[in-house]
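Here's the structure we're looking at; comments come further down.
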Amino acid sequence: MNTAAALGRPASLPMSAAATLRLYALECGYEVLKMARMPAFVVPTLAFPVVFYLMFAVMIPGQWGSFQKAAYLFATYGVFGIIGPALFGFGVGLAMERESGLLELKRVSPMPIAAYFVAKIVMSLLSGLCVVLLLSAAAFGLGGVSMAFGDWLLLVGALLLGALPFCALGLFIGSLVKGQAAVAIVNLVYLPMSVLSGLWVPMFAFPAIVQKLAVIWPAWHLAQLALGINGQIEGVNVLLHVAVLLGFTVFFLSLAALRLRGR
Amino acid sequence: MRSDAIHPSAPIARLSAAHKRYGAITALAGIDLDIRRGELLALLGPNGAGKSTALGLLTGRFGADAGTVSVFGADPRDAATRRRFGVMQQEAKLPETMKVRELVNLFASYYPAPRGVDETLSLAGIGDLAQRRYAALSGGQQRRVQFAVAICGAPELLFVDEPTTGLDVDARRGFWQVLRGLREQGLSIVLTTHYLEEADALAERVVLIDHGRVLAEDTPAGIKARASGSRIRCSSALDVASIARWAGVHSVQRDGSRLSIRGADSDALVRQLLAADPSLSGLEVSALSLEDAFIELTRSADTATPIGEAA
């Protein structure tokens with residue numbers, strides 16, 4: 001007779017499916033709540049893309065060559081908008097919680113480590129969805145953009161799935177450095193990559209070399225998919241871009257896993 | 001198969017010849033440690049002695065480079081093992097924007113049969129802080145929340161790393177009361193501390209650690225006895241160097257007219273002192289405090305080959 005049994009429970013009680021589900025739900029719910037209570041972080045992340053859209057697409061409408069600015073920027077700011085929460089939520093969030101010791105505390109708790117990452121993904125996707133909805137309202141309501149409902153759903157779906165490679169990149173950055181250093185690295189990656197992927201102005205505005213190099217940026221590949229869906233470019237090689245984004249995700253997930261396990 | 005079910009005194013957690021290095025620094029140099037069911041064990045040692053590393057192994061933060069770690073007969077990195085112990089780490093900041101009740105509720109959800117949230121809060125003495133955000137709490141209150149998070153799963157074994165560092169005297173004594181109460185409920189507790197007073201006040205067994213090794217393992221009283229017994233103070237003109245040559249004298253110091261002598265057998269030493277100096281006055285004999293014992297034991301270890309300090 002051991003003490004645990006004497007206390008009326010077996011030595012190691014398994015987690016029931018309901019308890020596991022509750023654990024994941026709480027982890028995700030509190031992750032969202034935790035962020036929602038940081039307006040200084042949330043408001044800029046959610047509002048920047050739509051503010052840029054209002055300034056550059058709505059206040060200064062027109063054409064960029066064959067591109068209709070309001071439609072082009074709807075797609076590319078959509079990409080810009082979902083990358084932000086993915087990099088900041090994951091990269092900076094992980095880096096902060098590694099520094100504060102919270103990740104260590106959770107690692108010695110019985111929490112399945114997957115719950116930690118699922119919560120961060122849910123958080124990133126939810127923020128991304130908010131950004132895309134705000135942009136959609138601006139594009140359809142003020143930018144004169146029109147799309148079939150099915151195409152719009154496809155665009156939203158592509159952008160949300162397209163956030164995953166950036167979650168992986170954020171995870172890698174968060175595994176690389178701790179604390180505030182991650183903010184600097186994320187900004188160093190986020191802004192130049194966005195510009196050089198044609199998210200702010202089309203690629204033809206850049207020198208030939210920059211145009212050629214665009215293929216190295218995952219943001220460019222996602223932008224090609226988004227622009228294809230809303231009809232701004234034609235003949236998009238969907239499989240190629242999806243494959244590149246998938247490869248990118250696997251690559252950075254592996255690097256991050258190596259870093260986090262290797263400690 | 002559970003050996004601790006057959007032998008109640010068999011260890012529920014064990015380190016055997018455990019080594020851990022950080023680069024060039026040896027944090028644990030082959031440490032053996034047993035934790036028995038229902039006891040309150042103190043790992044005592046100075047900063048950098050390897051206490052937190054030993055706790056890190058036992059709580060599955062990392063693996064040993066060599067040797068074995070077992071908790072309830074299994075690897076502490078298995079989730080099934082973790083559901084049976086709770087941990088309060090030395091440096092863990094909880095999310096600042098979350099409320100106390102939310103934090104406890106979240107951590108309790110990791111366990112199959114947790115304590116109720118209200119019961120946990122009142123055990124940790126923070127029932128009145130349930131709706132406060134973590135960032136709005138004082139340092140001592142935050143430590144209590146970290147403690148609540150450690151016990152919310154109703155663990156059988158609790159690891160607490162330097163729980164009272166930075167607390168004021170009242171808060172520290174309050175915390176001791178909580179720990180004693182939990183032990184009376186049958187909880188096994190492993191505590192690291194560099195406060196000798198804390199080990200003395202709480203523990204049944206003290207394991208003295210320095211330079212990644214176990215220097216001594218005993219009851220607090222036993223540890224004192226090991227550092228050979230007593231200190232004699234008196235006023236005398238006797239020569240320090242000649243007293244130091246007497247049998248059973250460990251150290252002699254002079255401070256003005258006062259002599260301070262540490263030795264094994266105080267009765268024999270007092271007789272010898274009075275015989276050598278009949279004009280001797282102001283005689284005081286006292287047992288060594290745990291602090292003295294600690295200094296004595298760590299000092300004798302320092303004469304061995306020194307090993308690097310560890311975080």
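All but one of (1) within 14 Å of another protein chain (Cβ to nearest Cβ); (2) assigned to a loop (DSSP other than H, G, I, E, B); (3) surrounded by fewer than 19 Cβ atoms within 10 Å (Cβ to Cβ) hold for residue A:144; which doesn't?
(1)
Filter the stretch B:12-24 down to the residues that are over 14 Å from residue B:56 (Cβ atoms) and either of a type in the set (A, V, I, L, M) or out of contact with any Ser or Thr (no Cβ under 6 Å at 6 or more places or on another chain) (or both) and list them by number.
Pass one, the stretch B:12-24, residues over 14 Å from residue B:56 (Cβ atoms): B:12, B:14, B:16-17, B:23-24.
Those that are over 14 Å from residue B:56 (Cβ atoms) and either of a type in the set (A, V, I, L, M) or out of contact with any Ser or Thr (no Cβ under 6 Å at 6 or more places or on another chain) (or both): B:12, B:17, B:23, B:24.
Do the conditions hold for residue B:223, that is, is it touching a Ser or Thr at 6+ places or on another chain (Cβ under 8 Å) and crowded, with 16+ Cβ neighbours inside 10 Å? If you could, list the steps in order and put the result at the bottom.
Numbers: touching a Ser or Thr at 6+ places or on another chain (Cβ under 8 Å): no; crowded, with 16+ Cβ neighbours inside 10 Å: yes.
Considered against the rule, which asks whether it is touching a Ser or Thr at 6+ places or on another chain (Cβ under 8 Å) and crowded, with 16+ Cβ neighbours inside 10 Å, residue B:223 comes out as no.
Got a number for residues in the stretch A:169-189 being under 15 Å from the mean Cα position of the chain (by Cα) and either buried (at least 21 other Cβ atoms within 10 Å of the Cβ) or not in a helix (DSSP H, G or I) (or both)?
Number satisfying all stated conditions: 7.
Tell me yes or no: at least one residue of the stretch A:104-118 is of a type outside the set (Phe, Trp, Tyr), in a helix (DSSP H, G or I) and under 25 Å from residue A:221 (Cα atoms). Spell out how you get there, then give the answer.
Residues of the stretch A:104-118 that are of a type outside the set (Phe, Trp, Tyr), as a first pass: A:104-115, A:118.
After this cut, where a residue has to be in a helix (DSSP H, G or I) as well, the list is A:104-108, A:113-115, A:118.
From what is left, the residues that are under 25 Å from residue A:221 (Cα atoms) are A:118.
Looking for residues that are of a type outside the set (Phe, Trp, Tyr), in a helix (DSSP H, G or I) and under 25 Å from residue A:221 (Cα atoms), one finds at least one in the stretch A:104-118, hence yes.
Return the total of residues in the stretch A:206-250 being without any contact (Cβ under 8 Å) to a residue 40 or more places away in the chain and of a type in the set (Gly, Ala, Ser).
6
For the stretch B:140-151, check the following and say yes or no: at least one residue is within 14 Å of residue A:102 (Cβ to Cβ), at the interface with another protein chain (Cβ under 8 Å from one of its Cβ atoms), in contact (Cβ under 8 Å) with a residue 24 or more places away in the chain and β-branched (Val, Ile, Thr).
Yes, the conditions are met somewhere in the stretch B:140-151.
I'd like the full set of residues that are farther than 20 Å from residue B:14 by Cβ, of a type in the set (A, V, I, L, M, F, W, C), touching a Phe, Trp or Tyr at 6+ places or on another chain (Cβ under 7 Å) and at the interface with chain A (Cβ under 8 Å from one of its Cβ atoms), limited to the stretch B:68-123.
B:94, B:98, B:106
For the stretch B:29-65, how many residues meet the condition of being over 20 Å from residue B:156 (Cβ atoms), in a loop (DSSP other than H, G, I, E, B) and among the acidic types (Asp, Glu)?
Total meeting the criteria: 1.
Need the failing condition index for residue A:85 against (1) over 23 Å from residue A:25 (Cα atoms); (2) away from chain B (no Cβ under 14 Å), just the number.
Every condition holds for residue A:85 apart from (1).
When the residues of the stretch B:180-195 are filtered to those that are more than 22 Å from residue A:110 (Cβ to Cβ) and away from chain A (no Cβ under 14 Å), which remaining residue is surrounded by the fewest Cβ atoms within 10 Å (Cβ to Cβ)?
Restricting to residues being more than 22 Å from residue A:110 (Cβ to Cβ) and away from chain A (no Cβ under 14 Å), the top hit is B:181.
Residues in the stretch B:205-212: is at least one in contact with a Ser or Thr (Cβ under 7 Å, 6 or more places away or on another chain), outside the structural domain of residue B:99 (by TED's automatic domain parsing) and basic (Lys, Arg)?
yes
Looking at the structure I just gave you, is residue B:216 under 21 Å from residue B:41 (Cα atoms), out of contact with any His (no Cβ under 6 Å at 6 or more places or on another chain), in the same structural domain as residue B:30 (by TED's automatic domain parsing) and in a helix (DSSP H, G or I)?
On the way: under 21 Å from residue B:41 (Cα atoms): yes; out of contact with any His (no Cβ under 6 Å at 6 or more places or on another chain): yes; in the same structural domain as residue B:30 (by TED's automatic domain parsing): yes; in a helix (DSSP H, G or I): no.
The answer is no for residue B:216.
Within the stretch A:35-46, is even one residue more than 14 Å from every other protein chain (Cβ to nearest Cβ), surrounded by 14 or more Cβ atoms within 10 Å (Cβ to Cβ) and either within 27 Å of residue A:142 (Cβ to Cβ) or in contact with a strand residue (DSSP E or B) (Cβ under 9 Å, 6 or more places away or on another chain) (or both)?
Among the residues of the stretch A:35-46, at least one is more than 14 Å from every other protein chain (Cβ to nearest Cβ), surrounded by 14 or more Cβ atoms within 10 Å (Cβ to Cβ) and either within 27 Å of residue A:142 (Cβ to Cβ) or in contact with a strand residue (DSSP E or B) (Cβ under 9 Å, 6 or more places away or on another chain) (or both), which makes the answer yes.
In this structure, does residue B:68 turn out to be surrounded by fewer than 24 Cβ atoms within 10 Å (Cβ to Cβ), in contact (Cβ under 8 Å) with a residue 12 or more places away in the chain, of a type in the set (S, T, N, Q) and in a strand (DSSP E or B)? Give the steps one after another, and end with the answer.
Values: surrounded by fewer than 24 Cβ atoms within 10 Å (Cβ to Cβ): yes; in contact (Cβ under 8 Å) with a residue 12 or more places away in the chain: yes; of a type in the set (S, T, N, Q): yes; in a strand (DSSP E or B): yes.
Spelling it out, residue B:68 is indeed surrounded by fewer than 24 Cβ atoms within 10 Å (Cβ to Cβ), in contact (Cβ under 8 Å) with a residue 12 or more places away in the chain, of a type in the set (S, T, N, Q) and in a strand (DSSP E or B).
The values are calculated or read from the model by the stated rules, or taken from the named source; none is laboratory data. What you see is a predicted model, and the numbers here were worked out from it, not measured in a lab. Please note: Cβ atoms are built from the backbone with ideal geometry, for glycine as well, and neighbour counts cover all protein chains shown.
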